[in-house]
Amino acid sequence: MTPESLQKHTGILMERIQKKPVIANELINTYIASHKHFNGDDKRALLDLVWRCVRSIARLKYAHPNESWETRAKILMETGIPNTSDAPNYVRWEVPEWFPAHVPEAEKELPALLANPPIILRAIGNREKVQELLHAQSIETKPTKLSPYGLVLSEYKNLTSTQAWKEGLIEIQDEGAQLVALDIGVQPNNTVFDFCAGAGGKSLIFAQMMNNKGLIWAYDITAKKLFELVKRATRAHIDIIEIKPQLPPPTKQFDYVVVDAPCSGCGTWRRAPNMRWHLTEKQLKHIAESQREILNRAAAYVREGGQLAYITCSITTDENEAQVEQFLKTHPNYRVIKQKRYSPARTGTDGFFLCLMEKE
C-alpha cells in the first residue's frame, strides 16, 4: 500500500469512527474485511495509523481544525503528533472538556492515560515455568513489578495456539486487576460472591488465590457473559465456581462479596482510546446512580464479620470515593478497612479503585 493510499483509507475510517466511537473496533474490522486485496503488511500499517490518529484526535483537530482526516493522517505520518503546548489541558490530555473536574490529580492521571499499554498475562501455577513454556514457542515475557502472577508480553502475539493457553496456564489480565484481587486477600476455603462477574476475570484469580478450595458464586445481570467464564474455568481446571444466571435470594451469606461495578471504564482508556469520546457527563451521572443500587443490593449477601469489596475501572470521584461515602451514610454497620487507587500514574497499571469494607 502506498503512503497516499494508506492516508486515504485512514481518513475514511476516522470519519466513521468520529461518528460512532463506541464501535471503532467493529468499524475497523469490517472495513479491512471488505478490502480483500489488503495483505498482512497493509492491514498492520492501517491499524497502526488509525489507532495513532484515535489516540491523538483532540490534538490533531486543535492543531489542524480545517483539514480532512486524510490530511491529518498524512501530517501524523510525516511529522508526528503536533505541538499543542498552547492548547487547553483537556485537549492535550485527549478528554472531553468537562471531564478533568471529575478526576483527582487530573494533571498527573490524565497524561498517564495517553500511554500505549503493554499486554499483561496472568500466569496460573509456577510463573517461571510458564515463562519457559512460552519462550519455547518464541514468545518472550518478563515478570511484572508488582503482581507475583503477572507477565509482560514483549510484543503482540496470538496466544490461543500456544501450549500454555491450551493447558490453562495463562490468562490476559492487566496487572492492576491482579493487584486489586490480591489486595482483597481471599484465602483457601473462603466463600466469595462475585456479584458483577462478567466473563469471570476476578472469579478466576480468586480461585487461583484459594488454591481451588472453597466456593465462588459468579453472577452477572448479562447471563451470557457467564458462559465464557465456564469455558475459562474449565481450561484452567477450576471447579469451585458456580455460575448464577439469575440472582438468588440473600439467604446465603458470604465471607466476601465483590462488586466489580459497571462503570465508565475511563481507567482503561489507554487500551480503548476511542471510548474517551463516547462518555458524556449525563451518562456518568446515570452510571453512578446504577452503581449505588448495585452496591446496596450486594450488601445483603455479606455475613457479619465478612467483607464487601467495591471495585471500578474508573478514576472519577463520582464512581469511587463518592459512592463509598454515600454507602456508609446508609450502612453504618460497615467500616472501611482499605481504600486504594491504581493507575498509570500511581502503579503503572490501568486505572482501578478498591474499597474494602467490613460488616460489623
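The values are calculated or read from the model by the stated rules, or taken from the named source; none is laboratory data. Everything numeric in this text was worked out from a predicted model, so none of it was measured. All Cβ positions, glycine included, derive from the backbone under ideal geometry; neighbour counts span all protein chains shown.
When residues of the range 16-38 are filtered for being among the small types (Gly, Ala, Ser) and crowded, with 17+ Cβ neighbours inside 10 Å, how many remain? Reasoning before the result, please.
Just the residues of the range 16-38 that are among the small types (Gly, Ala, Ser), to begin with: 24, 33-34.
Checking which are crowded, with 17+ Cβ neighbours inside 10 Å leaves us with 24.
Result for the range 16-38: 1.
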Flagged pairs (Cβ under 6 angstrom, 6 or more apart or on separate chains; first in the range 21-34, touching a residue at least 12 places away in the same chain (Cβ under 8 Å); second surrounded by 12 or more Cβ atoms within 10 Å (Cβ to Cβ) and among the charged types (D, E, K, R)) are Leu27/Arg16; Ile32/Lys43
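Every residue, every condition in (1) under 22 Å from Ser264 (Cβ atoms); (2) β-branched (Val, Ile, Thr); (3) at pLDDT 95 or above; (4) touching a Lys or Arg at 6+ places or on another chain (Cβ under 6 Å), yes or no:
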| position | (1), (2), (3), (4) |
| --- | --- |
| Lys20 | yes, no, no, no |
| Ser56 | yes, no, yes, no |
| Thr71 | no, yes, yes, no |
| His102 | yes, no, yes, no |
Any residue at all in the range 212-223 that's closer than 26 Å to Arg341 by Cβ, in contact with a strand residue (DSSP E or B) (Cβ under 7 Å, 6 or more places away or on another chain) and surrounded by 23 or more Cβ atoms within 10 Å (Cβ to Cβ)? yes
For the range 17-43, what are the residues that are in a helix (DSSP H, G or I), under 25 Å from Leu110 (Cβ atoms) and among the basic types (Lys, Arg)? Lys19
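Return the residue satisfying two criteria in turn: it lies in the range 39-69 and is of a type in the set (D, E, K, R) and surrounded by 18 or more Cβ atoms within 10 Å (Cβ to Cβ), and of such residues it is nearest to Asn29 (Cα to Cα).
So in the range 39-69, the residues of a type in the set (D, E, K, R) come out as 41-44, 48, 52, 55, 59, 61, 67.
In the following step, the residues that additionally are surrounded by 18 or more Cβ atoms within 10 Å (Cβ to Cβ) were identified as 52, 55, 59.
Details: Arg52: 16, Arg55: 18, Arg59: 25 Å.
In this case the residue turns out to be Arg52.
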Let me confirm something: among Leu13, Leu6, Leu46, Leu60, which residue is in a helix (DSSP H, G or I), touching a Pro at 6+ places or on another chain (Cβ under 7 Å) and over 30 Å from Ala322 (Cβ atoms)? Leu60
Of the numbered conditions (1) in the same structural domain as Gln253 (by TED's automatic domain parsing); (2) part of a loop (DSSP other than H, G, I, E, B), Glu228 fails exactly one; give the number of that condition. (2)
Mind telling me which of the residues Thr312, Thr317, Thr268 ends up being in contact with a strand residue (DSSP E or B) (Cβ under 7 Å, 6 or more places away or on another chain), β-branched (Val, Ile, Thr), at pLDDT 95 or above and within 30 Å of Arg59 (Cβ to Cβ)? Thr312
Members of the range 107-129 found to be surrounded by fewer than 13 Cβ atoms within 10 Å (Cβ to Cβ), more than 17 Å from the chain's Cα centre (by Cα) and assigned to a loop (DSSP other than H, G, I, E, B), listed by number: Asn126
So how many residues does the range 144-157 have that are within 24 Å of Ile238 (Cα to Cα) and more than 19 Å from the chain's Cα centre (by Cα)? 1
From the set of residues in the range 313-360 that are assigned to a helix (DSSP H, G or I) and among the β-branched types (Val, Ile, Thr), which is farthest from the chain's Cα centre (by Cα)? Thr330
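Condition first: farther than 21 Å from Leu110 by Cβ, free of Cβ contacts under 8 Å to residues at least 40 places away in the same chain and in contact with a strand residue (DSSP E or B) (Cβ under 9 Å, 6 or more places away or on another chain). Can you find one or more residues in the range 345-359 that meet it?
Kept after step one, since they are farther than 21 Å from Leu110 by Cβ, are these residues of the range 345-359: 355-359.
Checking the rest, the ones that are also free of Cβ contacts under 8 Å to residues at least 40 places away in the same chain come to none.
No, the range 345-359 contains no residue that is farther than 21 Å from Leu110 by Cβ, free of Cβ contacts under 8 Å to residues at least 40 places away in the same chain and in contact with a strand residue (DSSP E or B) (Cβ under 9 Å, 6 or more places away or on another chain).
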Looking only at the range 157-196, count every residue that is assigned to a loop (DSSP other than H, G, I, E, B), modelled with pLDDT of 95 or more and small (Gly, Ala, Ser) and tell me the total. 1
Among the residues that make up the range 85-106, is at least one of them free of Cβ contacts under 8 Å to residues at least 40 places away in the same chain, surrounded by 21 or more Cβ atoms within 10 Å (Cβ to Cβ) and either in a loop (DSSP other than H, G, I, E, B) or within 27 Å of the chain's Cα centre (by Cα) (or both)? yes
Which one is surrounded by the fewest Cβ atoms within 10 Å (Cβ to Cβ) among residues in the range 302-351 that are among the acidic types (Asp, Glu) and out of contact with any helix residue (DSSP H, G or I) (no Cβ under 9 Å at 6 or more places or on another chain)? Glu304
Quickly run through the range 170-185 and pick out the residues that are surrounded by fewer than 24 Cβ atoms within 10 Å (Cβ to Cβ) and out of contact with any Lys or Arg (no Cβ under 8 Å at 6 or more places or on another chain). Leu179, Leu182, Ile184, Gly185
